[in-house]
Structure formats: C-alpha cells, structure tokens
C-alpha cells in the first residue's frame, strides 16, 4: 500500500489456519461462525490446506495452499505459505486485517522459515523497520482492560539486560503511543514503564539499569510528547494499569509481562502486532496438539476476541485514514 492507495477493505479479514495438526483450524472455523452472526457485514477469507478447508463453514471465502503432506516440515510449510498469502492480500488492499491461528515454531524452522515466530515473519514480509508485540485484553477477570507491550520477546532471560537499550525503549514506546492513538483512537495515551529490577532497583541496590538506561529513555520520550511513567516496580504496575491509571504497560521481558497478562485475561487475550501497514491479531494460546484430536474441547474464545479486535481496529484505523485524505 502507498499513501495514494485507496484504503483497504476494513470489513474483510484474512484468517490463516495455522499449524494443521493443532487446534487452529477448529477454533478459526468456530470463531468465524460466531463473528458472522455478531457482525453480518464482516467477511472472512480462510487460508490453509485444501483438505482442511473442505470442513470450513459455508458462505466464507477459502484460499487453499499446497504442501500439507502430514509431516512436521509440511505443517510448517503450509503455515508459512498461508501467512504469506494473507500478507499479499493485505498489502494489495483486499483485506483490512489479518488474523493468524497458532503455528509451531520448530515446524517453521524445519520447513526453512528460520524466524522466531509469526511476528518476525510478518515484519520481514512487509519490510517495516520496527514491530511491537502487544498483548491486549479489552476486558479481564478484574473488569478493566490490560494492554502489555513486550519490549523484548523470545529471549533467554540472561540476554535481556543487554538487549534493553535506550534506543529499543524509545522505538517500542513510540510505536505503542502511535498505535494507541491511531488504532484505538486514544488522543493522549498514558503509558507505564515496568522496571527491570526488583523494586525498580531501590536507588541502585539491585542493579543500575533503571538509572543508567530507563530513566534517560523516559526523559527523551517525554520530550517527544510520549506520556510515559518513570520505571515502576513489576509488583505494582500491572495492578495500577488494571485500575485505570494507565492505558498500556511496557514490559521489558517476556515472562514478567505474560505472567501478569495471562493471569487476568487467559481466554480473552489477543496478540496484536504493532507497526504493520495493516491490522494483525492472533489468539494468546499455542497449537495445543494435545487437544486437537478431541474436537469440541478447545476453547475458541481467544480466537473470537482476536477477530472482534481486528475488525474494531481496522475500522478505527482506516476510517480515520479516509477522514484525513
């Protein structure tokens, strides 16, 4: 898409089925049926192996991809090809959003796509310089929303301190600020920064990253118009966000953010990729190979939420884009 291109079809969503051995196809089929009843003007394009698409709900468009031969490499191949096809349609303006069912990272690697996950694959396919992994639950078990940006994602814990730089924090927080304004329609997002060390280091007693890296980055972000807190201890920041003090939290490593997020939102959480030229969401669970042989046992709630949020964000983003042409 270019600035002069017409806005994408915000009511059409491409849905990839993910790893064919997992619960992705089942929860995708169930979720699109639910959303078709809730939002009758929405349209869904299901992308995956032809054999599985034969069981897709009627009245939805289907796009088969080749290469599913029952092997792990074959599963990785069709998972990746489905994502590539969805991205192609999104960049062409045929769909306003992409929703991806879970994939199996070892299968992607076995098939030759050596990326940490779907987020990085989407970044590479679109050529954008920076993407962000935002976990969003618009409702939680405690009522209020919780949105958590993972500044670093799938890294060993020992590698996190070196990866947390001022440049990284500025890029990720700026991306989050811009996305909340554009896609959520928030005129002045309030961000919280989760500290790296216990008690935000207690003035250097438990590390120096807060003073050496985090606070200078916060000062620069504030100069750039981003409303972000100083580093706040992990044991209080998420509770404050749930109480409404902040619109989103920047977490510096995977598990501190995901532990808090899934505790209050499992089944309602959605993974949103920030920084893409289209909306992308996915459920907050994995392939669940153990559930796949037992139809009906998998919970489709997170996939339903992923579809709902994709439609909502596409409408906000592209309606706004039309208004500013």
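Counting only alpha carbon atoms, the long axis of helix 166-182 and the longest principal axis of the chain meet at about 60°.
Taken along its principal axes, the alpha carbon cloud of region 195-325 reaches lengths of 53, 47, 25 Å, longest axis first. I want to make sure I understand the PRE zone here: with the label point 7 angstrom from the Cα of residue 142 toward its beta carbon, which residues in region 176-204 have backbone N atoms less than 19 Å away? The answer is 190-196, 198-200, whose backbone nitrogens lie closer than 19 Å to the label point. Counting only alpha carbon atoms, the long axis of helix 24-38 and the longest principal axis of the chain meet at about 90°. For residue 55 and residue 168, a Förster radius of 51 Å and the Cβ-Cβ distance give a FRET efficiency of 0.75, rounded to the nearest 0.05. Hey, what did the chain get for relative contact order, percent, Cα under 8 Å, at least 6 apart? For the chain, the relative contact order is 24 percent. Ranked for footprinting exposure by Cβ neighbours inside 10 Å, fewest first, 190, 30, 147 give 190, 30, 147. Between residue 188 and residue 38, the C-beta separation translates, for a Förster distance of 30 Å, into a calculated FRET efficiency of about 0.50. With a Förster radius of 22 Å applied to the C-beta separation of residue 243 and residue 222, the computed FRET efficiency comes to 0.45.
The angle between the Cα long axis of helix 72-91 and the longest principal axis of the Cα atoms of the chain comes to about 80 degrees, rounded to the nearest 10.
If you wrap the tightest convex hull around every Cα atom of region 35-131 and split its volume per residue, you get 108 Å³. For region 131-275, the relative contact order works out to 40 percent when only alpha carbon pairs closer than 8 Å and six or more residues apart are counted. The antiparallel fraction among DSSP beta bridges confined to the chain stands at about 35%. Would you calculate a helix-derived [θ] at 222 nm for the chain, using -39,500 (n - 2.57) for each DSSP H run of n ≥ 4 and dividing by the full residue count, to the nearest 500? So the helix-based figure for the chain works out to -12000 deg cm²/dmol. Protection proxy ranking of 21-27, 192-198, 36-42, 213-219, by the mean of other Cβ atoms within 10 Å over each peptide's residues and highest first, is 21-27, 192-198, 213-219, 36-42. Take every pair of alpha-carbon atoms less than 8 Å apart whose residues are at least six positions apart; their mean separation over the length of region 1-92 yields a relative contact order of 32 percent.
Where a number appears in this text, it was derived from the coordinates with a stated rule and is not lab data. The model shown is predicted, which means the values in this text are computed figures rather than measured ones. Because the Cβ atoms are built from the backbone with ideal geometry, glycine has one as well, and the counts that use them run over all protein chains shown.
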